[in-house]
Amino acid sequence: MEKKEALILNIKDLKVEYRTEDGVVYAVNGLDLEIEKGKTHGLVGETGAGKTTTALSVLDLIQSPPGVIVNGQIELDGKNIRGLKDKEMEKIRGSEVSMIFQDPMTSLNPVMTIEDQIAEVIEYHEPGGYKEAIKKTHDMLTMVGLPPKRGKEYPHQFSGGMKQRVVIAMALACRPKLLIADEPTTALDVTIQAQVLTLMKELKTRYDTSMLMITHDLGIVAEICDKVSVIYAGRIIEHGNLEDIFDNTRHPYTEGLFNSLPNLQDRKAKLKPIKGLMPDPTNLPSGCPFHPRCDYAMDICSKEYPKKIGRNDQHFVECHLYNSENIIKGGVIKRG
């Protein structure tokens with residue numbers, strides 16, 4: 001049995017709703033997530049699956065109204081941070097947990113210089129005055145491959161890839177225990193994506209930071225993650241390490257994600273997209289929310305939500321196709 005490592009993040013039964021005039025959006029629906037110290041954990045799913053809402057819940061940045069954390073436990077490095085006062089959470093954000101948001105273009109203040117924006121974070125969380133903060137800011141810019149003298153410039157003078165490096169420098173300035181990266185390479189071209197991912201891996205190792213990588217790109221998961229959780233309609237439906245998820249796929253949705261990728265060995269092979277669309281979060285299907293799109297759906301799938309069942313002590317799936325015997329043997333899902 002694999003040794004259980006200490007957890008940097010432990011989320012239990014998280015439920016988040018957005019209560020609007022048009023109805024209640026059930027964004028996260030009983031989500032469990034564990035991230036081990038020093039590990040990079042991938043959270044994978046389509047747009048609207050609940051990935052960003054989960055991340056914002058950790059930082060207590062759910063906009064209220066309309067957002068409400070209805071239920072759940074959130075522990076950061078063994079400390080319960082759910083329900084802390086605003087001032088207490090402000091001390092935690094940036095120092096113990098930081099986030100790289102999806103679009104660096106909108107993450108930076110257009111009327112402040114780059115160095116002032118990074119120094120502001122350092123000044124708030126660490127002892128020493130402005131001069132000391134600027135010195136550390138220049139060190140961070142050098143760390144992410146930017147000349148310190150460019151710190152006096154403004155965001156509009158930087159390319160997309162350079163802005164993303166600035167955001168990474170800002171997020172890591174106070175050496176947080178956990179870094180949450182929300183699709184950090186989405187707005188970048190492929191070459192710059194590779195550079196940013198390499199940089200994040202190097203800095204994560206240097207600062208001994210744990211990371212939650214939110215993405216829909218399985219290539220990024222394979223490149224940077226140790227463990228993977230697949231999210232659908234606000235729940236983790238499959239979880240395991242890279243070998244479990246990539247080589248021993250169990251959930252039909254995970255199978256669909258892989259089948260949607262181009263086949264580099266057979267360039268004439270057609271893509272096999274998952275049929276249908278993500279369910280309306282204001283009106284989720286009964287039973288398993290994936291059953292209207294599932295090629296393996298049975299009668300029970302529309303009536304009961306499946307229980308979590310383990311292939312081993314670290315690979316779990318929520319699917320009616322499996323019992324304790326055939327999840328271990330495999331043979332239900334045939335990818336490709």
Margin query: I need the full set of residues from the range 15-30 which are more than 9 Å from Thr282 (Cα to Cα) and either outside the structural domain of Asn71 (by TED's automatic domain parsing) or touching a Ser or Thr at 6+ places or on another chain (Cβ under 6 Å) (or both), in order please.
Written below: Val16, Val28
Next item on the list: For the range 259-274, state whether one or more residues are free of Cβ contacts under 8 Å to residues at least 60 places away in the same chain, within 21 Å of the chain's Cα centre (by Cα) and not in a loop (DSSP other than H, G, I, E, B).
Entry: no
Next item on the list: Look at the range 214-225 and say how many of its residues are surrounded by fewer than 20 Cβ atoms within 10 Å (Cβ to Cβ), in contact with a Leu (Cβ under 7 Å, 6 or more places away or on another chain) and assigned to a loop (DSSP other than H, G, I, E, B).
Entry: 0
Notebook entry, point to check: Could we say that Glu115 is outside the structural domain of Glu36 (by TED's automatic domain parsing), among the acidic types (Asp, Glu) and touching a helix residue (DSSP H, G or I) at 6+ places or on another chain (Cβ under 6 Å) here?
Noted result: yes
Next item on the list: From Gln157, Gln164, Gln117, grab the single residue that is of a type in the set (S, T, N, Q) and within 30 Å of Ser260 (Cα to Cα).
Entry: Gln164
Check: Mind checking whether some residue in the range 49-65 is within 19 Å of Glu88 (Cβ to Cβ), among the aliphatic types (A, V, I, L, M), in contact with a strand residue (DSSP E or B) (Cβ under 7 Å, 6 or more places away or on another chain) and not in a helix (DSSP H, G or I)?
Finding: yes
Notebook entry, point to check: If you go through the range 248-279 one residue at a time, how many are at pLDDT below 75 and of a type in the set (S, T, N, Q)?
Noted result: 2
Notebook entry, point to check: If Val196 passes every condition in (1) at pLDDT 95 or above; (2) among the aliphatic types (A, V, I, L, M); (3) touching a Pro at 6+ places or on another chain (Cβ under 7 Å) but one, which one does it miss?
Noted result: (1)
Margin query: Looking for something buried (at least 16 other Cβ atoms within 10 Å of the Cβ), in contact with a Cys (Cβ under 8 Å, 6 or more places away or on another chain) and either closer than 30 Å to Asp244 by Cβ or assigned by TED's automatic domain parsing to the domain that holds Lys204 (or both) - is there at least one such residue anywhere in the range 75-85?
Written below: no
Note to self: I need a count of the residues in the range 231-256 that are in contact with a strand residue (DSSP E or B) (Cβ under 7 Å, 6 or more places away or on another chain) and either hydroxyl-bearing (Ser, Thr, Tyr) or farther than 15 Å from His320 by Cβ (or both).
What the structure shows: 11
Checklist line | Subset of the range 226-258 that is of a type in the set (Lys, Arg) and in a strand (DSSP E or B) - its residue that is surrounded by the most Cβ atoms within 10 Å (Cβ to Cβ) | finding: Arg235
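Residue-wise test of (1) surrounded by fewer than 20 Cβ atoms within 10 Å (Cβ to Cβ); (2) among the small types (Gly, Ala, Ser); (3) without any contact (Cβ under 8 Å) to a residue 12 or more places away in the chain; (4) in a strand (DSSP E or B).
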residue	(1), (2), (3), (4)
Ala171	no, yes, no, no
Cys174	yes, no, no, no
Gln195	yes, no, no, no
Thr198	yes, no, yes, no
Lys201	yes, no, no, no
Thr205	yes, no, yes, no
Leu212	no, no, no, yes
Margin query: If I ask for residues that are more than 27 Å from the chain's Cα centre (by Cα) and either under 23 Å from Gly38 (Cα atoms) or part of a loop (DSSP other than H, G, I, E, B) (or both), which ones from the range 142-169 would you list?
Written below: Pro147, Glu153, Tyr154
Notebook entry, point to check: Are any residues in the range 226-285 aliphatic (A, V, I, L, M) and more than 30 Å from Gly38 (Cα to Cα), and if so, which ones?
Noted result: Leu264, Ala269, Leu271, Ile274, Leu277, Met278, Leu284
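The values are calculated or read from the model by the stated rules, or taken from the named source; none is laboratory data. Keep in mind that this is a model prediction, so the values were computed, not measured. Note: ideal-geometry Cβ built from the backbone for every residue, glycine included; neighbour counts use all protein chains shown.
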